[in-house]
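Worksheet: the structure to be examined is printed underneath.
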Amino acid sequence: MSEVPDAWPVMPVILLPSNGEFHSKSDQWWDNMVAALESEHHNRICEIDIDDMTNSRWERFAAAMQKPFPELTNLCVWVMGDVVPVLPDSFLGGSAPRLRELSLEGIPFPSMPKLLLSAHGLVELSLVNIPDSGYISPDAMATVLTVMTTLESLRLQFRSPQSLPDPASRPLPPPTRFVLPALTKLTFRGVYGYSEDLLARIDAPLLDYFFISFFVDFNFDVPQLHRFIGHAEELKACNHAAVSIFPDSIELSVYPKPREVGQYTRLWLQIICTESDWQLSSFPQVCSSSFPLISALEELEIKEYDYLPSSHWNDDIEDAQWLELLDPFTALKNLYLTHEIAQRVCGALQELSGEMVTEVLPTLRNLFVDGFGSLEHIEEAIRPFVAARQLSGHPVAIDHWQRKSVLEYL
């Protein structure tokens with residue numbers, strides 16, 4: 001690599017990964033890679049893609065990157081293994097004016113905002129698996145975003161719940177809000193307090209994909225999340241949702257109906273939690289009735305992961321928790337349930353009486369249960385609810401439903 005650029009003095013240099021060749025040639029590839037970074041021709045490098053960075057290689061790589069790379073447009077570095085030392089302010093010489101794509105995984109870089117303030121043309125920013133030592137405050141991240149008028153995709157994912165912002169730094173008056181005019185994709189993983197602080201400062205009217213993952217909390221309060229999604233016009237076209245229960249999380253995916261070929265989930269909301277009763281109690285806090293998108297949905301599926309063990313269901317789960325899960329979906333017409341979920345939901349519905357019969361799922365018209373077997377047991381459990389709705393002039397019909405795998409909605 002130290003000889004080739006001399007033969008083509010005007011050609012740009014692109015450094016690509018080793019395509020998974022983890023054998024003797026991998027070391028040769030790595031030596032070539034670093035030789036290019038260290039050489040006098042580094043100013044011709046326009047792309048760097050390293051997807052198998054190891055701790056043993058980190059020191060030499062980091063040292064080679066402490067200078068400007070004036071032609072660099074794409075930088076992708078993924079660290080494999082434990083946390084590496086923090087990148088200093090001098091990374092890339094502190095400036096990257098031509099950078100269009102930056103993707104770092106597992107790399108602590110707390111002074112990242114200083115570098116990004118020079119990257120006015122950035123189109124894609126991906127900071128994934130951010131270690132605690134690489135924490136970036138929501139205020140600093142928001143300041144960076146003010147210069148990114150061309151940014152189309154943003155991924156910000158923290159490794160642990162330590163991404164909680166300092167309460168003393170959270171603004172008391174409403175912060176100044178600015179528009180990200182090109183942003184269409186946003187991914188976040190962390191604590192809800194961080195997302196609230198960040199989303200309070202931004203709007204993304206063209207957003208058409210939003211993945212947000214929260215570490216579990218006992219008191220979710222997310223008005224900024226609701227406001228932010230409410231301002232995204234593309235998300236307003238969604239009217240179908242699926243709630244999926246996994247061993248380690250509960251997830252909501254929202255998309256238009258009917259689904260067309262090539263159409264993807266527009267909103268994906270995940271709460272990371274292993275206890276079933278915590279899953280059911282935390283979900284309604286995030287997806288409350290004050291959430292406009294949720295309250296307008298007309299179809300809902302509730303299903304469990306195909307291989308969810310029966311031991312997952314905590315015996316302490318109360319009927320009221322299932323009713324709280326359903327409460328935000330006030331415009332629901334069609335409800336689809338797997339057989340296991342149907343028994344639990346119907347058991348809760350049969351306990352309703354008086355005005356509560358029509359207050360829970362007030363517009364429901366059809367209840368579909370997974371499978372082709374007899375629905376006699378389900379019909380018996382829900383008979384009081386169905387009879388009461390019939391008398392109130394809001395009948396509910398029960399029928400079969402052949403569900404898809406939970407994984408088909410991811």
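The values are calculated or read from the model by the stated rules, or taken from the named source; none is laboratory data. Keep in mind that this is a model prediction, so the values were computed, not measured. Virtual Cβ from ideal backbone geometry, glycine too; neighbours counted across all protein chains shown. We work out accessible area using only protein heavy atoms, side chains counted, and drop any ligands, DNA or RNA first. Shrake-Rupley method; radii C 1.70, N 1.55, O 1.52, S 1.80 Å.
Considering segment 296-335, and only residues there that are charged (D, E, K, R) and within 25 Å of the chain's Cα centre (by Cα), the residue that is modelled with the lowest pLDDT turns out to be 306. Within segment 321-370, the only residue that satisfies the criterion of being open to solvent by 50 Å² or more (accessible area, probe 1.4 Å) and of a type in the set (A, V, I, L, M) is 356. Of the residues 256, 284, 205, the single one that is touching a His at 6+ places or on another chain (Cβ under 9 Å) and either farther than 23 Å from residue 142 by Cα or buried (at least 19 other Cβ atoms within 10 Å of the Cβ) (or both) is 256. Summed over segment 271-298, residues that are out of contact with any Leu (no Cβ under 7 Å at 6 or more places or on another chain) and not in a loop (DSSP other than H, G, I, E, B) total 12. Return the residue satisfying two criteria in turn: it lies in segment 151-163 and is assigned to a helix (DSSP H, G or I) and touching a strand residue (DSSP E or B) at 6+ places or on another chain (Cβ under 8 Å), and of such residues it is most open to solvent (accessible area, probe 1.4 Å). Result: 161. Of all positions in segment 220-238, at least one carries a residue that is assigned to a loop (DSSP other than H, G, I, E, B), in contact with a Ser or Thr (Cβ under 9 Å, 6 or more places away or on another chain), surrounded by 13 or more Cβ atoms within 10 Å (Cβ to Cβ) and modelled with pLDDT of 90 or more.
Yes/no matrix, rows are residues, columns are (1) at pLDDT below 90; (2) open to solvent by 60 Å² or more (accessible area, probe 1.4 Å); (3) more than 15 Å from residue 224 (Cβ to Cβ):
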| residue | (1), (2), (3) |
| --- | --- |
| 135 | no, yes, yes |
| 138 | no, no, no |
| 149 | no, yes, yes |
| 168 | yes, yes, yes |
| 173 | yes, yes, no |
| 183 | no, no, yes |
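Residue-level check: of (1) open to solvent by 20 Å² or more (accessible area, probe 1.4 Å); (2) over 24 Å from residue 294 (Cβ atoms); (3) β-branched (Val, Ile, Thr), residue 378 misses just (1). Report yes if some residue within segment 74-85 is more than 19 Å from residue 50 (Cβ to Cβ) and either open to solvent by 60 Å² or more (accessible area, probe 1.4 Å) or touching a Lys or Arg at 6+ places or on another chain (Cβ under 9 Å) (or both); otherwise report no. Within segment 74-85, none of the residues are more than 19 Å from residue 50 (Cβ to Cβ) and either open to solvent by 60 Å² or more (accessible area, probe 1.4 Å) or touching a Lys or Arg at 6+ places or on another chain (Cβ under 9 Å) (or both). Taking every residue in segment 319-333 that is part of a helix (DSSP H, G or I) and pairing it with any residue that is among the basic types (Lys, Arg), at least 6 positions away or on another chain, the pairs with Cβ-Cβ distances below 8 Å are 322/344.
Could you list all residues from segment 105-126 that are open to solvent by 10 Å² or more (accessible area, probe 1.4 Å) and either outside any loop (DSSP other than H, G, I, E, B) or in contact with a strand residue (DSSP E or B) (Cβ under 7 Å, 6 or more places away or on another chain) (or both)? Before you say what the answer is, go through the steps one by one.
Keep residues of segment 105-126 that are open to solvent by 10 Å² or more (accessible area, probe 1.4 Å), which gives 105, 107, 110-111, 113-114, 117-118, 120-121, 123-124.
Within segment 105-126, 105, 107, 113, 114, 123, 124 meet the criteria.
Evaluating residue 58 against the criteria (1) more than 19 Å from residue 102 (Cβ to Cβ); (2) among the aromatic types (Phe, Trp, Tyr); (3) modelled with pLDDT of 90 or more leaves one unmet condition, (1). The set of residues in segment 54-89 that are hydroxyl-bearing (Ser, Thr, Tyr) and touching a strand residue (DSSP E or B) at 6+ places or on another chain (Cβ under 9 Å) comprises 54, 73. Pairs meeting the criteria (first residue in segment 93-104 and closer than 16 Å to residue 77 by Cβ, second residue open to solvent by less than 40 Å² (accessible area, probe 1.4 Å) and in a helix (DSSP H, G or I), beta carbons under 7 Å, at least 6 apart or on different chains) are 96/115.
Of all residue pairs spaced 6 or more apart or on separate chains, those with beta-carbon atoms under 7 Å, a first member in segment 232-244 that is in contact (Cβ under 8 Å) with a residue 24 or more places away in the chain and a second member that is open to solvent by less than 60 Å² (accessible area, probe 1.4 Å) and part of a helix (DSSP H, G or I) are 235/229; 235/293; 238/293; 242/409; 244/406; 244/409.
Across segment 344-368, the number of residues qualifying as over 27 Å from residue 314 (Cβ atoms), in a loop (DSSP other than H, G, I, E, B) and at pLDDT 85 or above comes to 3.
Only residues that are open to solvent by less than 50 Å² (accessible area, probe 1.4 Å) and within 21 Å of the chain's Cα centre (by Cα) were counted in segment 89-104, giving 3. Of all residues in segment 215-252, those that are in contact with a helix residue (DSSP H, G or I) (Cβ under 8 Å, 6 or more places away or on another chain) and either among the aromatic types (Phe, Trp, Tyr) or more than 22 Å from residue 275 (Cα to Cα) (or both) total 16.
Scoring residue 47 on the criteria (1) open to solvent by 30 Å² or more (accessible area, probe 1.4 Å); (2) assigned to a loop (DSSP other than H, G, I, E, B); (3) within 24 Å of residue 184 (Cβ to Cβ) leaves a single failure, condition (2).
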